[in-house]
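The values are calculated or read from the model by the stated rules, or taken from the named source; none is laboratory data. Because the structure is a prediction, the values reported are computed rather than measured. Note that each Cβ is placed from the backbone with ideal geometry, even for glycine, and that neighbours are counted across all protein chains shown. Each accessible area value is taken on the protein alone, full model and side chains, heavy atoms only, with ligands, DNA and RNA left out. Shrake-Rupley method; radii C 1.70, N 1.55, O 1.52, S 1.80 Å.
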Amino acid sequence: MAGKREENPAGSSNNLRGDVLRVLGVLKVATVEQIQRISAPHLSYRHTDKPTPSKRKQARTASHTGALSDLRKHGLAENGGQLPGGDRLRNLTPMGLKAAARELGRPVGEMGETARGAGRTGASHPMAVNEAVLALLRPKPNLSELASEPADVFAAAQAAFDAPAGLGTIASYATEAALPATGTWANPGKGGAQADIVITAPGDGVPLLFVEIDNCFESAQVLAAKIDKYMRFCQRKVKDVDGKERPMWRTRWWVPDGRHSDRPHPPLLLVFNRIGPRNPNTVTRQLAELTERHWKGTWYDGGFHMYDGKLPIVVTGMKHLKEHGPAGAVFRRFGRPHHQTLLEAIGNPRREAHDARKQAEHAARQREHQEELRRIAAQHRAEREDSRPVCAGCGTRFTDARWKATEPAGWGAPRDTHPHLCDDCKQQAITVERQAQQAEPEHQEHDQAVPEQKPAGPWLSRFRA
């Protein structure tokens, strides 16, 4: 125990340090509170009896602060500056990034770069990215860890637990992911994009989603240029390991193939965090016009659009995202008039509804066809029963086997001896016929053995007398 204490002076556990590595491996830079909210959300409902918010925060984050101290001792983590409010930022060293890759089960080449120096300018953009991850992830508290808490605290945790779920786990997220339009994954060339967040949560209906965070400092033209880069990356094709040419993004991420003539690129979510001077509503309208060629689908008479080769672009606000999460109807897709949930916005509900109607109609036709076949079969069975022969002896109807036996089998085939009798009556008739045949020779032999006696004449009668 003493040896473990010397190795990790703050007394952190392996699991706790692993949680910190996983969170920082994804976020690159974060506060201790953000790490705690993601890896141990139940702690947000503890220590409510502390007198001040700062003391409550200190108590909630104490264990993760200790884990970071131990990781710093091992050269895996370091302090990354301070936020304007005084919160200290933490990030991983290159060695820590490799350790985080092992914890996340990812190749080191997919981890990106460390976030050294991010806190020197206040880290407003990385903090917005982290808040977006939290809003999309919506970690659920472990209620078993809160059984001894006051009733009102437990009720608040229960409400968070019962709220609509978020997307995936922390391992479903990546940040600062290079999307090269030229070059390679490891050495991106010019003209490519860098996604603030990449989400891969196929179990929650989001196989692949790129997320761009805007703090409302950039113009619509600058954002349109970024979307051009996303489009160039999505359109880029390379040879895969099997020698076949595929979109480059498919060589790293799995997404269902989609339907013929309706295979859009991975969707892009724009989250406007209104801390800058620009009005996101104005920017959104201008951006939709500037990028129409990238997202506008083709209208079909079935009442839906097809988006083959298009880039679905969805927008929302950070405030709405944090309040409602991905299950809230706070997402607006370019080209659609109404707000939707995230899954509806990145999908094609009208196409799905059209396909469902067509499948229902096809199923109804199939049922009608099967019902017609059953009706015809029943009619045939009834007609066959009406024509089934009746035994001339006992009046019962023939069995199928007896009926078949009485039907002509072809030229030269022996005909049934009693075609108008059922099996039982036929056997009785055959038995009677055999008995009659056997009785006829015996009768003939008896007639030959006993001569015919003639009546005696009168003279013989007198003689005998």
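Miscellaneous remarks
- Every residue from segment 241-255 that is touching a residue at least 12 places away in the same chain (Cβ under 8 Å) and touching a strand residue (DSSP E or B) at 6+ places or on another chain (Cβ under 6 Å): Pro247, Met248, Trp253, Val255
- Checking Arg102 against (1) in contact with a helix residue (DSSP H, G or I) (Cβ under 9 Å, 6 or more places away or on another chain); (2) under 18 Å from Val129 (Cα atoms); (3) of a type outside the set (S, T, N, Q), the condition it does not meet: (2)
- Those residues of segment 247-277 which are open to solvent by 70 Å² or more (accessible area, probe 1.4 Å) and not in a loop (DSSP other than H, G, I, E, B), in sequence order: Arg259
- Failed item in (1) outside any helix (DSSP H, G or I); (2) surrounded by 20 or more Cβ atoms within 10 Å (Cβ to Cβ), with Ala67 passing the rest: (1)
- Residue satisfying all of: in segment 291-306; at pLDDT below 95 and among the charged types (D, E, K, R); most open to solvent (accessible area, probe 1.4 Å) among these: Asp301
- Verdict on Ala147 being of a type in the set (Gly, Ala, Ser) and modelled with pLDDT under 95: yes
- Subset tally (residues that are touching a residue at least 40 places away in the same chain (Cβ under 8 Å), assigned to a helix (DSSP H, G or I) and open to solvent by less than 90 Å² (accessible area, probe 1.4 Å)) for segment 346-378: 4
- Annotation note: of Gly309, Gly328, the sole residue that is open to solvent by less than 50 Å² (accessible area, probe 1.4 Å), in a loop (DSSP other than H, G, I, E, B) and within 20 Å of Leu208 (Cβ to Cβ) is Gly309.
- The residue pairs whose first member lies in segment 283-301 and is touching a residue at least 40 places away in the same chain (Cβ under 8 Å), whose second member is buried (at least 19 other Cβ atoms within 10 Å of the Cβ) and of a type in the set (Ser, Thr, Tyr), and whose beta carbons are closer than 9 Å, counting only pairs six or more residues apart or on different chains, are His294/Tyr230; Trp295/Tyr307.
- Subset of segment 80-109 (residues that are in contact (Cβ under 8 Å) with a residue 40 or more places away in the chain, farther than 14 Å from Gly25 by Cα and open to solvent by 40 Å² or more (accessible area, probe 1.4 Å)): Asp87, Arg88
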